[in-house]
Each structure stands twice: as structure tokens, then as C-alpha cells.
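Take a look at the structure below.
The values are calculated or read from the model by the stated rules, or taken from the named source; none is laboratory data. Small disclaimer: the values here were computed from a predicted structure and weren't measured. Virtual Cβ from ideal backbone geometry, glycine too; neighbours counted across all protein chains shown. Just the protein is used for accessible areas: all its heavy atoms, side chains included, with ligands, DNA and RNA removed. Shrake-Rupley method; radii C 1.70, N 1.55, O 1.52, S 1.80 Å.
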Amino acid sequence: TDSDSTETTGEAPRPERLVVTADWLGQRLSLLDYAALRDGATTREEALWREIDLSTWSPGPLELALTPDGQSALVSISPGFFTGTIGNLLGAGDVPAGGALILVELETGALIHEFATLYTPMHPVITADGLSAWTANYGGDGPSDVGSTVSKLDLVSGSVELEFEVGPRPEQIDLSPDESLAIVSSAGDGAIQLFATSAPEAT
């Protein structure tokens, strides 16, 4: 994300360009200086500008999307697939229960909104105007909490505008360049679905 800001936060001014990562095991977001990475930084510490502590929300931030102005991040707090076979293969161990969807301000780490979707989202995508977002709601930890919906969010009011069924374990979602279509993958049945963003339930 690019920024013209030179305002100082803590000891260092905000870099001209940031890279933001969701650090699931660390329960934090890392805000890295793109220039430091470009110029050869090889460790998180060498490139780190600041971090945002998200340990209040369990189990940790899994995926995120940045608003177009680079000022905020929409973050899914989710166990995702780490409670299943993939988690066992990766050695994730006992994954704490929990899940949330939050919008946070990168400059301060302040919570802007927390969204109440029916199931825990895994992947969010934000529209080009920064006013709305869509989420694929994968669900929580195990067979008793299998997500099956996609949500449309109002990022200004912090409300869920729409939530509708698409099938078991929707995992990733994206928009066409003109944002007239959305595509979503469902890990539970291997389906790939397209729908019109103007009438998602009807299409």
C-alpha cells in the first residue's frame, strides 16, 4: 500500500510504501517497509516498521485485505483449515477456538469495526471505492461449524448488508475488474461459482 504520510508514529515515520502481513501464529499484523525489503532486508526485524497486536482475538489473523487508500485492513481471525488434515501435516497442534472479522486502522492499530457474520470468514476482498467488501465464510474449528455463506459488508457503517448460501466451506473470493462478477471457491465440495454482484442470490 502506498502513502504520502510522513507523520511520525513512535520513533520512526511511516514508510512511503508498506507491506502488511497477517501473522497467524504471532497473533499480530506486521507492517513492513517495502523499500527495506526491496533493498535486501532478509528478516522481519530488518524490515519491520511496527506491528499491531491482535492477541485479543483468537486464534489469530489468517488473511487480510487492504483498503485502497492504504489506511485500514480488513482482517479475518480464523482457524481456517488448520484444524483439519492440512493443520496436522503442518504441525499446527491444538488450534484455539474462535473467529472474528475486524477492520483496523494501520496507523494506530485501533479497531474501527467488528462484523457479525453467521460463520467465520476466511478470505475478504474490498471493492475499489473502499466502501464495501465481500467475504468467503469458511467457518470455524471442525465439522460442527462448517461455513456455507458469502457476505457483503458495508465498511462505513460496520454492518453486514447481505449473507447468502453458496455451499460448504467457501474459501477464497475475488471480483472481476469491473466488479460486476464475483468468483468463489468452496473447499467442501470443490465447486467454483460465479455470481453477479448486483443480484448475488438470484444468479
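Report the semi-axes of the equivalent ellipsoid for the chain in whole Å, largest first, where each axis is √(5λ) for an eigenvalue λ of the Cα gyration tensor. Don't skip to the answer; put the middle values down first.
On the way: eigenvalues 164, 90, 43 Å².
Ellipsoid half-lengths, sorted descending, are 29, 21, 15 Å.
In the context of the full set of protein chains, the chain has a per residue accessible area of 48 Å² (1.4 Å probe).
The stretch 134-190 and the stretch 56-75 have Cα centres separated by 16 Å.
Set the Förster radius R0 to 22 Å, insert the Cβ-Cβ distance between GLU16 and ALA110 as r into 1/(1 + (r/R0)^6), and round the FRET efficiency to 0.05. It would help to have the intermediate numbers written out before the result.
Working: r = 22 Å, r/R0 = 1.01.
Efficiency for this residue pair is about 0.50.
Computed over the alpha-carbon atoms, the stretch 145-203 gives an Rg to Rh ratio of 0.97, Rh here being the Kirkwood radius from the mean inverse distance.
Within the shell of other residues whose beta carbon sits under 13 angstrom from the beta carbon of ASP129, the net charge comes to -4, with Lys and Arg scored +1 and Asp and Glu -1.
So what is the relative contact order for the chain, in percent, with contacts set as C-alpha pairs under 8 Å and at least six apart?
In percent, rounded to a whole number, it is 12.
Extension gain, ASP154 to SER198: 0.36 nm times the residue separation minus the Cα-Cα distance gives 14.4 nm.
Considering only GLY40, GLY147, GLY188, the Gaussian network model of the chain with Cα springs below 10 Å gives its largest mean-square fluctuation to GLY40. Nonpolar atom fraction for the chain, defined as the carbon and sulfur part of the 1.4 Å probe accessible area, stands at 51 percent. Between GLU179 and THR56, the simple label model (points 7 Å from Cα in the Cβ direction) yields a spacing of 2.8 nm.
Kindly give the semi-axes, whole Å and largest first, of the ellipsoid equivalent to the stretch 106-175, taking each as the square root of 5 times a Cα gyration tensor eigenvalue.
Numbers: eigenvalues 94, 38, 23 Å².
Equivalent ellipsoid of the stretch 106-175: 22, 14, 11 Å, largest first.
Counting only protein chains, not ligands or nucleic acids, how are TRP134, TRP24 ordered by accessible area (probe 1.4 Å), most first?
In descending accessible area the options line up as TRP24, TRP134.
Based on the convex hull around the alpha carbon atoms, the stretch 85-203 presents an average projected area of 8.5 nm².
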